[in-house]
Amino acid sequence: MSSREPRASGYFRSSYAQGLRLLETRTQWTALVLFLTALGIFPFTATSFQLDLACQVFLAAIGAIALMLLTGYAGQVSLGHAGLIAAGAFTAGILFKEFGAKFWITIPAAAVVGALIGLIFGLPSLRLRGLYLAVSTLALHFIVVYLGGEYETKRGFSTGILIDAPRVGDFIIRDRKIWYFVLLSFAAAALLISLNLLRSRTGRAWAAIRSHETIAEALGIGVPAHKLLAFVISSSMTAVAGALFGYYRGFVSVEAFSLFLSIQYVAMIIIGGMGSLLGAILGAVFVTLLPYVIEYAVAQLPNARSYAGMLAAFNYAAFGVVMILFLIFEPQGLVGIWRRVQNYFLLWPFKQKPLGGGRK
Amino acid sequence: MVELEIEKLTLRFGGLTVLSGVSFAVEKAELFALIGPNGAGKTSVLNCVSGLYPGEGTIRFRGQNISGLSAHNVARLGIARTFQHGELFPHMTVAENLLTGRHARIRTNPLKEMFFSDSVRREEVAHREAVEKIIDFVELERYRNTQVANLPFGTQKIVGFARALAMEPAILLLDEPSAGLNRDEREDLARFILRIKHELGIAMIWIEHDMQMVADLADRLHVLEYGRSVTDGPPQQVLKDPRVIAAYLGSSGGS
C-alpha cells in the first residue's frame with residue numbers, strides 16, 4: 001500500500017488510475033530500483049552463512065505475509081501456521097518419495113493442499129472468534145503433525161524424508177546463490193499478490209470484516225465467504241512456503257514443525273506491526289535473525305563456553321522479553337518505528353503533520 | 001408505487017416482545033419518519049428490515065418477500081442503512097469507506113485481483129469515479145483521503161450516510177442521522193435528505209428524535225410505542241394526536 005504520509009511539496013494526480021498505482025513518484029521508483037539492485041548484488045558479496053540467513057528470511061517472509069493477510073487484515077487469529085507449513089513440506093516430500101513428482105508439480109500441489117486445509121479449518125471461524133478460534137486452529141497443527149509422523153514411521157522414514165534438489169528441465173537448483181534468487185522471487189510474488197488483493201474489493205471486504213462484522217454484512221459483504229477466502233489464500237501461500245522449505249533443506253521431518261514455530265509467526269506479525277505488509281517482512285527479518293544475534297552476543301561474553309548449553313533457554317527468554325517490550329512500548333511494531341523515522345525526515349524542519357490529513 | 005411493505009412484524013427475544021404487529025408501507029421517494037420514545041423499537045424495525053434480527057411477519061420489497069434473507073442479501077437487493085453511531089471503518093479513508101459500500105456492485109473476482117488485471121483496474125477506476133460523485137453530493141471533498149478516525153463526529157456521521165448512499169440503494173434506512181450533529185451540520189443533513197428525495201427518488205425510513213426537523217421535512221410519520229404502532233399520517237396531524245403527546249410526555253392521570 002502506498003504511504004499515506006504527506007509530502008513536503010505537492011504531488012497532484014490527474015486520473016483515478018494514477019491513485020491505484022503501487023508506486024507513484026519517481027523517488028519511489030528510484031528507491032525500488034536501488035533496493036532491487038542491492039538485493040541482486042548481495043549474494044555475490046555474502047558468505048555462505050549470510051546467504052543461508054537471507055534464504056531463511058525469504059521463506060519466513062512468505063509465511064508472515066500469508067499470516068498477515070489472515071490476521072492483520074481479515075482479523076482471523078490462527079495458531080495453525082506451523083501445521084500448514086508442515087502440510088506443504090509433507091505434500092512435496094510425499095509426492096516426491098512416492099511418485100517421484102517434479103518441482104513444478106509438487107509446488108502447485110502444495111498450494112492446492114494448503115487451500116483445502118484452509119477451507120476446512122476456516123469453517124470454525126464462521127462461529128468462533130478471537131481466542132476460541134485460535135484454539136480451534138491448534139487442532140490443525142496437531143492433526144497435520146500426527147499424520148506426518150505416522151507417514152514417516154509407517155513408511156520407514158523415521159528420521160525424516162530426504163528430498164532431492166529440485167530440477168527444472170536440465171537445471172538443478174542446488175547452489176545457494178540460485179536458491180537465493182528462487183526464494184526471493186517467490187517472496188516477491190507473495191508480496192505482489194497480497195498488495196493487489198488488498199487494493200481491491202477483497203482487501204476492503206477483509207478490512208471491513210476485521211473492524212465490524214455486522215456492518216460489513218449490512219453493506220452487502222458475504223462475511224462467511226470472505227472469511228473462508230482469507231483462510232484459503234493464506235493457507236495456500238503458507239503451504240507453498242512449506243514445500244519450498246522442504247526442498248531448501250532437502251529434508252522433511254515433523255520435528256521441524258513444533259508449536260513454537262506457529263508462535264514465531266504470530267510474533268513476526270506482532271513485532272513487525274499488525275495490518276502492514278511491510279511489517280510482516282520486517283517481522284520476518286527480525287524474528288529469523290534474533291536467535292543468531294543472541295548467539296553472537298553470548299559468544300562475546302567472557303567464559304562463553306560455559307553458557308553454550310543455555311543458549312536455547314536464552315533464545316526463548318529473549319523472545320518473550322522482546323514480545324513484551326514491543327507490546328508495551330511499540331504496539332505498532334517495527335513498521336511504527338519506520339514510519340516515525342520516515343515522517344521525521346519528510347517533515348523536517350517541521351515536527352507536526354499538517355491537520356486534515358494532507359495527501360493520500 | 002409501494003417500495004417496502006411491512007405486515008404484522010413481531011420480534012421476540014425469549015419472553016420479551018420487542019415489536020408486536022407493526023405494519024406500514026413506504027412509497028417511492030417518500031420520506032417516512034419513524035418516531036417514538038426511547039425503547040419503542042424503532043431501531044429494531046430497521047434491524048428486522050435489513051435482516052440483522054429475525055422477525056416474524058412479512059417484509060416485502062417491491063413485491064418480493066425478503067423476510068428471512070440474510071443481511072448481505074438484503075443489502076444486495078438495494079436496501080442500505082446507516083447506523084446510530086456511524087459505525088465506520090476507522091482505519092480507512094473516506095473514499096475507501098465509500099468504496100467498501102460499493103462492494104456488491106463491484107464485479108471482480110479474487111483470482112483476477114491477485115494480478116490486478118486490466119479489467120480489475122478499469123472496474124476500480126469506474127467505481128472510484130462513482131464514489132467521487134457521492135463525495136461531491138455530500139460535500140466531503142476536502143476529506144476524501146483523510147482517515148475516518150481523524151474526523152470530527154459530525155463529519156463521520158455524514159460519511160456513514162454517504163457510505164449507505166454509495167450502495168446506490170432503492171431504500172435508505174436512516175437511524176438517527178442527526179443525533180450528535182450541531183445546527184450547521186443538521187442543516188446540511190436536511191438539505192442532503194431533501195436532495196436524495198427529489199433528485200434520486202429514493203424512499204427513506206428515517207428514525208428521528210428532532211421533532212422540529214421531522215415536522216418540517218417528513219412526508220409521513222409513523223409512531224411506535226412499546227413495540228406497537230400508535231398512529232400513522234402526515235406530520236401536522238400526527239404531532240397533534242393526543243396519543244402521541246401522551247406517549248412522549250405521559251398522560252396526566254386525572255384529565
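The values are calculated or read from the model by the stated rules, or taken from the named source; none is laboratory data. Treat the numbers as computed from the prediction; the structure is a model and nothing was measured. Here the Cβ is made from the backbone with ideal geometry for all residues, glycine too, and neighbour counts use every protein chain on show. The area values use the complete protein model at the heavy-atom level, side chains included, leaving out ligands, DNA and RNA. Shrake-Rupley method; radii C 1.70, N 1.55, O 1.52, S 1.80 Å.
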### Query
How many residues does segment B:137-154 hold that are away from chain A (no Cβ under 11 Å), in contact (Cβ under 8 Å) with a residue 12 or more places away in the chain and either open to solvent by 10 Å² or more (accessible area, probe 1.4 Å) or on the phi > 0 side of the Ramachandran plot (or both)?
3
### Task
Kindly check whether there is at least one residue in segment B:96-108 that is more than 9 Å from chain A (Cβ to nearest Cβ), open to solvent by 60 Å² or more (accessible area, probe 1.4 Å), in a helix (DSSP H, G or I) and not charged (D, E, K, R).
no
### Task
Taking B:T43 as meeting all but one of (1) open to solvent by 10 Å² or more (accessible area, probe 1.4 Å); (2) away from chain A (no Cβ under 14 Å), write down the number of the exception.
(2)
### Message
Could you tell me how many of the residues in segment A:199-212 are in a helix (DSSP H, G or I), facing chain B (nearest Cβ under 9 Å), touching a helix residue (DSSP H, G or I) at 6+ places or on another chain (Cβ under 8 Å) and open to solvent by less than 50 Å² (accessible area, probe 1.4 Å)?
### Response
7
### Message
Yes or no: segment B:59-78 includes at least one residue that is part of a helix (DSSP H, G or I), surrounded by fewer than 19 Cβ atoms within 10 Å (Cβ to Cβ) and not hydrophobic (A, V, I, L, M, F, W, C).
### Response
yes
## Note on the structure
Output for Cβ contacts, cut-off 6 Å, separation at least six or different chains, first residue at the interface with chain A (Cβ under 7 Å from one of its Cβ atoms) in segment B:73-91, second of a type in the set (S, T, Y), reads B:R81/B:S50; B:F89/A:S211
#### Entry: Residue ID - least open to solvent (accessible area, probe 1.4 Å), chosen from residues in segment A:315-328 that are farther than 13 Å from A:I270 by Cβ and of a type outside the set (A, V, I, L, M)
A:N315
### Query
Here are some residues: A:I221, A:I215. Which one is out of contact with any Pro (no Cβ under 7 Å at 6 or more places or on another chain), surrounded by 20 or more Cβ atoms within 10 Å (Cβ to Cβ), within 10 Å of chain B (Cβ to nearest Cβ) and outside any helix (DSSP H, G or I)?
A:I221
### Query
Does B:R121 qualify as being outside any loop (DSSP other than H, G, I, E, B), surrounded by fewer than 22 Cβ atoms within 10 Å (Cβ to Cβ) and away from chain A (no Cβ under 13 Å)?
no
### Query
closer than 30 Å to A:G40 by Cα and open to solvent by 40 Å² or more (accessible area, probe 1.4 Å) - does that describe any residue in segment A:106-119?
yes
### Query
From the list B:L194, B:L221, which one is touching a strand residue (DSSP E or B) at 6+ places or on another chain (Cβ under 9 Å), part of a strand (DSSP E or B) and among the hydrophobic types (A, V, I, L, M, F, W, C)?
B:L221
### Message
Against the condition at the interface with chain A (Cβ under 7 Å from one of its Cβ atoms) and either within 23 Å of A:A216 (Cβ to Cβ) or open to solvent by 20 Å² or more (accessible area, probe 1.4 Å) (or both), how does B:N182 come out, does it pass?
### Response
no
## Note on the structure
Scanning segment A:224-240 residue by residue, those open to solvent by less than 20 Å² (accessible area, probe 1.4 Å) and at the interface with chain B (Cβ under 9 Å from one of its Cβ atoms) turn out to be A:I233
### Summary
Note: among B:I171, B:I158, just one is surrounded by 20 or more Cβ atoms within 10 Å (Cβ to Cβ), of a type in the set (V, I, T) and more than 16 Å from B:T93 (Cα to Cα), namely B:I171
### Query
Within segment A:135-189, which residues are part of a loop (DSSP other than H, G, I, E, B) and buried (at least 19 other Cβ atoms within 10 Å of the Cβ)?
A:I163, A:P166
